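Please read the structure below before turning to the comments.
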Amino acid sequence: MSADEAGELRLWELPSFTPRGRESDGKDRGLLDAGDARDPCTGLALVGAAACCGAFASGHVRVYDLASSYGKLAELQAHTRCVTALAVDDKGLELATVSEDSFLHVWSLEPRDGAAGDESKADGLDPSLALTYSHQVTDAVLTGVQFVAPAPGAGKAPDVAVTAYDVDAVSIWTRD
């Protein structure tokens with residue numbers, strides 16, 4: 001997968017590096033649906049083999065279907081400034097984002113069950129993006145984020161490591 005300054009995300013077949021899903025009619029099925037937004041894509045993270053998350057300079061985070069339609073599953077205005085990094089936990093259940101707005105956010109990526117009486121939504125294809133944790137790091141431009149194993153004796157949730165521009169330390173947040 002790759003992204004560019006125009007906000008276009010593309011899937012590639014390996015090892016040939018040809019666009020994935022190119023049809024015989026020449027239509028490129030490997031180009032993910034970015035919608036009308038043309039903001040630079042600043043980060044990508046896979047959620048298993050079925051989905052990916054893209055971070056954008058507009059502050060948006062978008063989740064895309066990689067299994068079938070390449071369509072956009074979800075979109076949220078995650079931050080007020082450019083999202084500088086994102087990470088997905090090992091289980092694919094949480095997404096962490098950091099931004100130039102100095103906030104660390106952790107979002108739930110758990111699949112939303114098909115609502116009763118709504119057969120148009122298949123289980124597992126419509127993620128619920130809910131904010132589960134937020135912290136402002138004052139006087140810092142956050143540039144990196146990663147889930148890390150929790151400290152011994154800590155809660156079940158993985159810790160979150162964050163880096164900032166022109167800071168020579170890694171900050172780690174433990175969540176309960």
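Out of all the residues in segment 88-107, is one or more crowded, with 19+ Cβ neighbours inside 10 Å and over 18 Å from A161 (Cα atoms)? No - not one qualifying residue is present in segment 88-107. A Cβ distance below 9 Å, combined with a sequence gap of six or more or placement on separate chains, defines the contacts here; from segment 155-173, residues that are at positive phi reach residues that are buried (at least 17 other Cβ atoms within 10 Å of the Cβ) in the pairs D166/A140; D166/V141. Would you check if Q136 is touching a residue at least 40 places away in the same chain (Cβ under 8 Å) and not β-branched (V, I, T)? The answer is no for Q136. Counting only residues that are among the charged types (D, E, K, R) and within 10 Å of E100 (Cα to Cα), segment 69-85 holds 1 of them.
For segment 1-14, a residue qualifies if it is part of a loop (DSSP other than H, G, I, E, B), surrounded by 11 or more Cβ atoms within 10 Å (Cβ to Cβ) and aliphatic (A, V, I, L, M), and the qualifying residues are M1, A6, L11.
Residue-level analysis places T42 outside the set of residues that are at pLDDT 85 or above and more than 14 Å from the chain's Cα centre (by Cα).
Would you pick out the residues in segment 141-176 that are modelled with pLDDT under 90, in a loop (DSSP other than H, G, I, E, B), surrounded by 12 or more Cβ atoms within 10 Å (Cβ to Cβ) and not charged (D, E, K, R)? Passing the criteria: P150, A154, A157, P158, T174. Considering each residue of segment 64-86, count those that are buried (at least 23 other Cβ atoms within 10 Å of the Cβ) and within 12 Å of the chain's Cα centre (by Cα), and give that number. Matching residues across segment 64-86 total 5.
The values are calculated or read from the model by the stated rules, or taken from the named source; none is laboratory data. Owing to the predicted nature of the structure, the values given are computational and were not obtained by experimental measurement. Every residue, glycine among them, receives a Cβ derived from its backbone with ideal geometry; neighbour counts consider all protein chains shown.
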